[in-house]
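For reference, the structure is listed below as structure tokens.
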């Protein structure tokens, strides 16, 4: 019987979600795991396997094309091992793919979560019909995924796409990666919160709360909140201008919660891109570069993970 | 009779060269054109056609796989038109591919010269056996070519690879492209000359002359000449660190005359890469990133141009 759906898992910073998605991109069912990621690799993989089992029982084994899993951190694709996961070092070196595969008795495709999200947007989101795109997810950090010719760009071992660690200012904010001036230290949700603190808006404001201040013209902090998004948009624009010069892709997508503040950061971002990228300017009338918001929100990674085993089915 | 060789043309800043190269990468013959590029598109294309004719008569029409031409400036690949050539605006908008094709009565493949050089290095130079690489050519500016899965990355219209215009310092030196802090304004031969002037080493020193000063420990300008290459190496390192984080490719090649000064700029370059790229550091023992000098010198573009029509033959 022909395979007609697959199961995608998205392992987030707190717990996991899994979804059954058919080959046309329709989400058949979605569930959340119950094990906190902090409990470590063993319990988490048990939870992943149980979640898959539930969906597999519900939608049938015969029609299942395969399992894809998007996980944070760097993956060694050939080995299916988590090489580095900054704030969860307990997972470092864990052979996630084989452990999950063993429990489920079937092949599993492991992928970096940001790469999976980029593939998800390409398949069913803002990148439908586009074969080459870059996705930046603005969250705690900035995740990146690059799609070339419809497929994830992996590089030598699967670490390609670490766009959040492009240097936009050589003496900028320090980053846990050892660099200074990484774009994620100037344009992520965390960077927005940090700037709010520096500007005296409050000690523990979230990016969402800074956004609310930027919308509230009656708040005395309104102008400073807007300035934060302007500075954040500039930083993002510097990175995007370099990416456009490097790739000349038709589409650059921005995902993550901070994108809600588009009205406040996008003007500075586009201004910076126009000024810094002659590729952007010189193709404006003939083959314009689109910079747009991603569409699938938190489900991008689920769609991308589910897409991985379906690739053979779809082509 | 099976095609066994092709003809590559490399249109430089002053005049053109053409070579017949067989499918195994052996250069059968090489000639130079006689028309200065400054005379404009018509005379230059006539010269290109005559050069091809000479080689075609010498090595036989029956065995010729095709013609490839690398030209400076941005190419619209679909149209075969030169979109922008900074210091030769007379060529802008010129349908180079079709004009040459008409004169030769055969198909011509047009390509950006830096992209052609990257393909040449991949085929017969320092990139042999490597499927994914980036080539930076340090000359008057910095040209870039990106090879993915053995093929040139073109992007939407063929403008991908403008790596010389990555921003390495948002308020750095102004660039003709409209940006500030383009790596080519901090790490090209021109940038080396400009720094020599700023440091009072001389008004019109070439990068080669600055290199000679760096080697001459008896010259009072020796320390300053070495400092110039250290600063240039740092700038290059910032760009390379971002590229390594973006691509995770196994190989990054540096070409152009300035590479002769490797001993003076490479230490600062590698130090910067190590500090700024966790991808570089974390793969150092398992899947190291190689940063190396290109091998084909001024012939890289000829090999790459000749490789274009041979691609079908070779695969």
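The values are calculated or read from the model by the stated rules, or taken from the named source; none is laboratory data. This is a predicted model, so every value here is computed, not measured. Neighbour counts are summed over all protein chains in view; Cβ atoms, including those assigned to glycine, are modelled from backbone coordinates with ideal geometry.
Would you confirm whether any residue within segment A:118-128 is assigned to a helix (DSSP H, G or I), under 20 Å from residue A:182 (Cβ atoms) and under 14 Å from the mean Cα position of the chain (by Cα)? Yes, some residue in segment A:118-128 is assigned to a helix (DSSP H, G or I), under 20 Å from residue A:182 (Cβ atoms) and under 14 Å from the mean Cα position of the chain (by Cα).
Within the group A:253, A:236, which residue is touching a strand residue (DSSP E or B) at 6+ places or on another chain (Cβ under 9 Å) and closer than 19 Å to residue B:156 by Cα? The match here is A:253. Residue under question is residue A:310, and the condition is that it be surrounded by 22 or more Cβ atoms within 10 Å (Cβ to Cβ) and in contact with a helix residue (DSSP H, G or I) (Cβ under 8 Å, 6 or more places away or on another chain); does it hold? Taking the combined requirement at face value, the residue does not satisfy it. Exactly one residue out of A:84, A:145, A:155 is within 12 Å of another protein chain (Cβ to nearest Cβ) and at pLDDT below 95: that is A:84. Against the list (1) surrounded by fewer than 23 Cβ atoms within 10 Å (Cβ to Cβ); (2) touching a helix residue (DSSP H, G or I) at 6+ places or on another chain (Cβ under 9 Å); (3) not assigned by TED's automatic domain parsing to the domain that holds residue B:308, the condition residue B:145 fails is (1). None of B:204, B:218 is modelled with pLDDT under 95 and over 19 Å from the mean Cα position of the chain (by Cα) except B:204.
From the list A:140, A:106, which residue is under 30 Å from residue B:252 (Cβ atoms), away from every other protein chain (no Cβ under 14 Å) and surrounded by fewer than 22 Cβ atoms within 10 Å (Cβ to Cβ)?
A:140
In summary, residue A:57 fulfils each of the numbered conditions (1) assigned to a helix (DSSP H, G or I); (2) crowded, with 17+ Cβ neighbours inside 10 Å with the single exception of condition (2). Within segment B:162-170, is even one residue assigned to a loop (DSSP other than H, G, I, E, B) and either more than 10 Å from chain A (Cβ to nearest Cβ) or within 13 Å of the chain's Cα centre (by Cα) (or both)? Scanning segment B:162-170 turns up at least one residue that is assigned to a loop (DSSP other than H, G, I, E, B) and either more than 10 Å from chain A (Cβ to nearest Cβ) or within 13 Å of the chain's Cα centre (by Cα) (or both). Checking each residue in segment B:60-82 for being surrounded by fewer than 19 Cβ atoms within 10 Å (Cβ to Cβ) and touching a residue at least 24 places away in the same chain (Cβ under 8 Å) picks out B:62, B:63, B:78. In segment B:172-286, counting only helices (runs of 4 or more DSSP H) that sit wholly within it, the ones holding 1 or more residues that are more than 14 Å from chain A (Cβ to nearest Cβ) span B:189-198, B:207-215, B:222-247, B:262-276. Of note, residue B:111 satisfies the criterion of being under 19 Å from residue B:143 (Cα atoms) and either more than 18 Å from the chain's Cα centre (by Cα) or assigned by TED's automatic domain parsing to the domain that holds residue B:43 (or both). When residue A:69 is tested against (1) under 21 Å from the mean Cα position of the chain (by Cα); (2) away from chain B (no Cβ under 14 Å); (3) in a loop (DSSP other than H, G, I, E, B), only condition (3) is not met. A residue that is within 22 Å of residue B:186 (Cβ to Cβ) and modelled with pLDDT under 95 can be found somewhere in segment B:257-276. If you scan segment B:96-117, which residues turn out to be in contact (Cβ under 8 Å) with a residue 60 or more places away in the chain, under 17 Å from residue B:66 (Cα atoms) and not in a strand (DSSP E or B)? Those that are in contact (Cβ under 8 Å) with a residue 60 or more places away in the chain, under 17 Å from residue B:66 (Cα atoms) and not in a strand (DSSP E or B): B:107, B:116. Yes or no: residue B:62 away from chain A (no Cβ under 14 Å), over 20 Å from residue B:307 (Cβ atoms) and part of a loop (DSSP other than H, G, I, E, B)? So residue B:62 fits the description; yes. For segment A:287-315, filtering for residues that are within 30 Å of residue A:212 (Cβ to Cβ) and away from chain B (no Cβ under 12 Å) leaves 13. Hey, any hits in segment A:123-135 for a residue that's under 16 Å from residue A:13 (Cα atoms), touching a residue at least 12 places away in the same chain (Cβ under 8 Å) and buried (at least 24 other Cβ atoms within 10 Å of the Cβ)? No, segment A:123-135 contains no residue that is under 16 Å from residue A:13 (Cα atoms), touching a residue at least 12 places away in the same chain (Cβ under 8 Å) and buried (at least 24 other Cβ atoms within 10 Å of the Cβ). Which members of segment B:235-264 meet the condition of being surrounded by fewer than 20 Cβ atoms within 10 Å (Cβ to Cβ), in contact (Cβ under 8 Å) with a residue 24 or more places away in the chain and more than 18 Å from the chain's Cα centre (by Cα)? Result: B:250, single match. Of the residues making up segment B:83-93, those that are touching a residue at least 40 places away in the same chain (Cβ under 8 Å) and either in a loop (DSSP other than H, G, I, E, B) or touching a helix residue (DSSP H, G or I) at 6+ places or on another chain (Cβ under 6 Å) (or both) are B:86, B:87, B:88, B:91.
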